[in-house]
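Here is the structure we will look at, set down as structure tokens.
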Amino acid sequence: MNSFGDGSGLFRPGNQGLSRRLFLGLEDPSISKSTVHRGFEDCLSRIELNTTRVKEASQHYNAVKSWLESKLSVTVRQVGSFQRSTKIRPIVEEGAIEPIDIDAIVCFGDAYAFVDGGITCSMALQWVNDSLTSNTTYGLLKPEIDNPVVTLSYKNEFYIELIPCYRNRIGAANSSREPASYLVANGDGLWEEADYDFDSEFITAANKRAGKKLVPAIKLVKRFIRNNGIPLKSFQIEVLCALILGPFFEGAAQNQQNWEWQDALYLFMKMAPAVLDANPTLPGSKSICQPTSNLVSTQRQLIEWAGVFDELRDLPDTKERYDIYRKVYGAPYPARV
């Protein structure tokens, strides 16, 4: 098998026989998409974040950003799924407030060496915490240090997680690397690398090559994974989608070939178990993707779901097939399109 993510054509037509049934033929406006595909299109609009809530969260974030940048010699910037435009609406009980969390780095500048008696993770965390508690409003929120972040929790289910960091300029390889990686605290309270900007640029570029279909696919996969309790973390899902579905959509775009969202979901479930064996990361990234807990169990779940999606793809486009997909995927797949 080719090394995944190298852009050499993995999962293109003809590769390993997997693509033969995924592509329905040359792109043709007269070929209508199935009701199942259109159901997933509707589902995508339903898993987008609540714009009103996002606006409120952004106001909180901008206020915190202004305060920290005025009190400390730092740069505050959003990272994570907000930065990569891959965040989806959380699953909550009916009538409950939808929580929104924002991850942001608090960058203290460049780091050029590790030295005895230098700045520790706990020191950087304390500086951020002290700056927040010195503010009358944020002090009342009782910011909490929970390595590797300082968390501000608002009563209306908004959370801002602040990540103290330094741009990594240690060694010749990092002295001029752009985008720079960051040194952030790990679970043991030690500095480790995170490639927030590189990862974001990688996903953005892969999405562009994929005809802007990769990010929507990430969102659909995330919601399915959460609906079914499969223990994959958000960033793990994004990495897997980039490696598996990025080349799939890119090949479809280049060859003007038809596909449907359920094909992408099937391909993810089919290929992810093998890719997980390698504890995958984005090619060139320095971000550490934590190993999947209960790997064998997770792989077994994905394989079982791949079998389900494979069987469904052979069924004719009927009301019964649509209803089965709705039951398999779960909320918020619509009752009918």
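Out of all the residues in the range 91-109, which are in contact with a strand residue (DSSP E or B) (Cβ under 6 Å, 6 or more places away or on another chain) and free of Cβ contacts under 8 Å to residues at least 60 places away in the same chain?
ILE100, ILE102, ALA104, VAL106, PHE108 - these are the residues of the range 91-109 that are in contact with a strand residue (DSSP E or B) (Cβ under 6 Å, 6 or more places away or on another chain) and free of Cβ contacts under 8 Å to residues at least 60 places away in the same chain.
Could you give every pair whose Cβ atoms fall below 7 Å, whose first residue belongs to the range 110-139 and is assigned by TED's automatic domain parsing to the domain that holds TYR182, and whose second residue is among the β-branched types (Val, Ile, Thr) and in a helix (DSSP H, G or I), counting only separations of at least 6 or pairs across chains?
GLY139/THR133
Those residues that are touching a residue at least 12 places away in the same chain (Cβ under 8 Å), more than 30 Å from ASN174 (Cβ to Cβ) and part of a helix (DSSP H, G or I), I need them from the range 275-296; list them, please.
LEU295
Name the single residue that is surrounded by the most Cβ atoms within 10 Å (Cβ to Cβ) among those in the range 257-272 being among the hydrophobic types (A, V, I, L, M, F, W, C) and farther than 19 Å from ASP317 by Cβ.
Restricting to residues being among the hydrophobic types (A, V, I, L, M, F, W, C) and farther than 19 Å from ASP317 by Cβ, the top hit is ALA272.
Please go through the range 237-256 and pick out each residue that is touching a helix residue (DSSP H, G or I) at 6+ places or on another chain (Cβ under 8 Å) and buried (at least 21 other Cβ atoms within 10 Å of the Cβ).
If the condition is that a residue be touching a helix residue (DSSP H, G or I) at 6+ places or on another chain (Cβ under 8 Å) and buried (at least 21 other Cβ atoms within 10 Å of the Cβ), then ILE237, GLU238, LEU240, CYS241, ALA242, LEU243, ILE244, LEU245, GLY246, PHE248, PHE249, GLU250 are the ones that fit.
For the range 29-94, give me every one of the helices (runs of 4 or more DSSP H) that falls completely inside it and has 3 or more residues that are at pLDDT 95 or above, within 18 Å of the chain's Cα centre (by Cα) and assigned by TED's automatic domain parsing to the domain that holds VAL106.
In the range 29-94, the matching helices (runs of 4 or more DSSP H) lie at 81-84.
Sort out which residues of the range 225-236 are surrounded by fewer than 23 Cβ atoms within 10 Å (Cβ to Cβ) and either among the hydrophobic types (A, V, I, L, M, F, W, C) or farther than 18 Å from GLN299 by Cα (or both), and write them in order of number.
Of everything in the range 225-236, those that are surrounded by fewer than 23 Cβ atoms within 10 Å (Cβ to Cβ) and either among the hydrophobic types (A, V, I, L, M, F, W, C) or farther than 18 Å from GLN299 by Cα (or both) turn out to be ILE230, LEU232, PHE235.
So PRO216 passes all but one of these: (1) part of a helix (DSSP H, G or I); (2) modelled with pLDDT under 95; (3) within 16 Å of the chain's Cα centre (by Cα). Which condition number does it fail?
Checking PRO216 against (1) part of a helix (DSSP H, G or I); (2) modelled with pLDDT under 95; (3) within 16 Å of the chain's Cα centre (by Cα), the one that fails is (2).
Pick from the range 153-206 the residues that are among the polar types (S, T, N, Q), in a helix (DSSP H, G or I) and without any contact (Cβ under 8 Å) to a residue 60 or more places away in the chain: which of them is farthest from GLN236 (Cα to Cα)?
Here the residue is SER175.
Out of all the residues in the range 129-152, which are outside any strand (DSSP E or B) and either at pLDDT below 95 or of a type in the set (S, T, N, Q) (or both)?
ASN129, SER131, THR133, SER134, ASN135, THR136, THR137, ASN147, PRO148 - these are the residues of the range 129-152 that are outside any strand (DSSP E or B) and either at pLDDT below 95 or of a type in the set (S, T, N, Q) (or both).
The values are calculated or read from the model by the stated rules, or taken from the named source; none is laboratory data. These figures come from a predicted structure and were not determined experimentally. Every residue, glycine among them, receives a Cβ derived from its backbone with ideal geometry; neighbour counts consider all protein chains shown.
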